[in-house]
Amino acid sequence: MVHTIYDIARVANVSKSTVSRVLNNQTNISEEARERVLKAIEELNYQPSKLARALSSGFDAILVVSRSAKTTANNPFFSDIIHRISSKAEEENFDVIIQTSRNSHDELEKCITKIKEKMIKGIIMLSSPANEDFFKQLDVFNIPIVVIGRVDGEYNNIFSVDTNNYQDSYNLTKLLIEQGHRDIACLHSPLDYHVSIDRLEGYKNCMKNYGLPLREEWIINSGYTVNTAYESATSLLLSPNRPSAVFATDDLKVLSLYKSASDNGISIPNDISIVGYSNPSISAFLSPALTSIEIPVKKLGDAGTTLLFEKIKGKKSKHNQKIVPTEVIIKSSVAKVLEKND
């Protein structure tokens, strides 16, 4: 039988409000009444419900803000990191609320509603929008927000956990150049988020620093969907002026290049070399194995969730931004370009 505070009040012969004050550890109550209430709680083996506690102190829950489904479909990063965050939250005895939205305005309104209704004690955002007005409007609510991604602005309650996407992309492009490639294309995502901007800039600046031309037709916005990525990959691979190598800025672009190459009888790496970002859950199935930056999903999820709970508990930290290290993994998707004899 599940007992309520009404049962406790009856057994202890006190009012419901007295029981409530004891449960919330308030001081305006006599020691004798407190003892009677505590004894009744023990006799009835009363377990206060999470909902009842939340009415006075707020829910023990965190909000995980993902992007709209059209930008996350078929991207294993989002499902993998949500799983990691949920596991860490369970260790803290916190619930997880997953939020998606139609657009940024809808996303902001949903966040504000949950904050005002005390539904959450912290927020993890799984991406960092290039337009940071969103952060400015949430910062005033004095609730900790950890962003998996870069944050440019200075805020009181917004913290960042990220990899160095700019440097990683620079290093992957540099690797291709060091293998003799000069004609290097880039398949990238729309520039709505810091991660997309940083990865594209890393590629561009590396090409410029090595004195290589940036050809507009080889820098392709490949969208967020399987279809747009595959169409972009196929258009590039079948073009009469095909590059010798391609840098792909996320898993979806990598998979589209591999699929299109297979469909059109193009050999990796003999006909085209490929580098990009990979997720452990899919990289093991690529043949030939991809030379890549492997996204440290587990470390990002752990670091972001740990930081959020530190802030929820009021702990101080020296830095508002944390960079999770990565490394280039050399595999067999890149061929060395032999120098031509004069």
Leading residue by the ranking (farthest from the chain's Cα centre (by Cα)) among those in region 175-203 that are over 20 Å from R242 (Cβ atoms) and of a type in the set (D, E, K, R): E178
Test: residue in region 258-279 that is modelled with pLDDT under 95, touching a Ser or Thr at 6+ places or on another chain (Cβ under 9 Å) and among the small types (G, A, S): yes
Index of the failed condition, I115 passing every other in (1) free of Cβ contacts under 8 Å to residues at least 40 places away in the same chain; (2) touching a helix residue (DSSP H, G or I) at 6+ places or on another chain (Cβ under 9 Å); (3) open to solvent by 30 Å² or more (accessible area, probe 1.4 Å): (3)
Residues of region 93-112 satisfying the condition of being open to solvent by less than 40 Å² (accessible area, probe 1.4 Å) and either over 17 Å from F135 (Cα atoms) or not in a helix (DSSP H, G or I) (or both): F94, Q99, S101
Of the criteria (1) assigned to a helix (DSSP H, G or I); (2) modelled with pLDDT under 85, which one I29 fails: (1)
Candidate set from region 144-203 (those that are part of a strand (DSSP E or B) and aromatic (F, W, Y)); member that is nearest to K121 (Cα to Cα): F159
Filtered residues of region 280-327 (kept if polar (S, T, N, Q) and surrounded by fewer than 19 Cβ atoms within 10 Å (Cβ to Cβ)): S281, S287, T306, S317, N320, Q321
Residue check for N93: modelled with pLDDT of 90 or more and either among the charged types (D, E, K, R) or more than 17 Å from the chain's Cα centre (by Cα) (or both): no
Cβ-Cβ under 6 Å pairs, at least 6 apart or on other chains, region 318-341 side under 19 Å from V275 (Cβ atoms), far side of a type in the set (G, A, S) and at pLDDT 90 or above: I329/S292; K331/A289; S332/A289; V334/S273; A335/S273; K336/G180; V337/G180
Breaking point among (1) in contact (Cβ under 8 Å) with a residue 60 or more places away in the chain; (2) open to solvent by less than 10 Å² (accessible area, probe 1.4 Å), for M207: (1)
Conditions (1) closer than 23 Å to G149 by Cα; (2) open to solvent by 40 Å² or more (accessible area, probe 1.4 Å): number failed by S235: (1)
Some residue of region 219-232 being open to solvent by 30 Å² or more (accessible area, probe 1.4 Å), in contact with a strand residue (DSSP E or B) (Cβ under 8 Å, 6 or more places away or on another chain), within 29 Å of M125 (Cβ to Cβ) and of a type in the set (S, T, N, Q): yes
Count of region 95-148 residues which are under 15 Å from F159 (Cα atoms) and among the hydroxyl-bearing types (S, T, Y): 2
Test: residue in region 245-264 that is open to solvent by 60 Å² or more (accessible area, probe 1.4 Å) and closer than 26 Å to V151 by Cβ: no
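The values are calculated or read from the model by the stated rules, or taken from the named source; none is laboratory data. Because the structure is a prediction, the values reported are computed rather than measured. Don't worry about glycine lacking a Cβ; one is built from the backbone with ideal geometry, like all the others, and counts go over all protein chains shown. Just the protein is used for accessible areas: all its heavy atoms, side chains included, with ligands, DNA and RNA removed. Shrake-Rupley method; radii C 1.70, N 1.55, O 1.52, S 1.80 Å.
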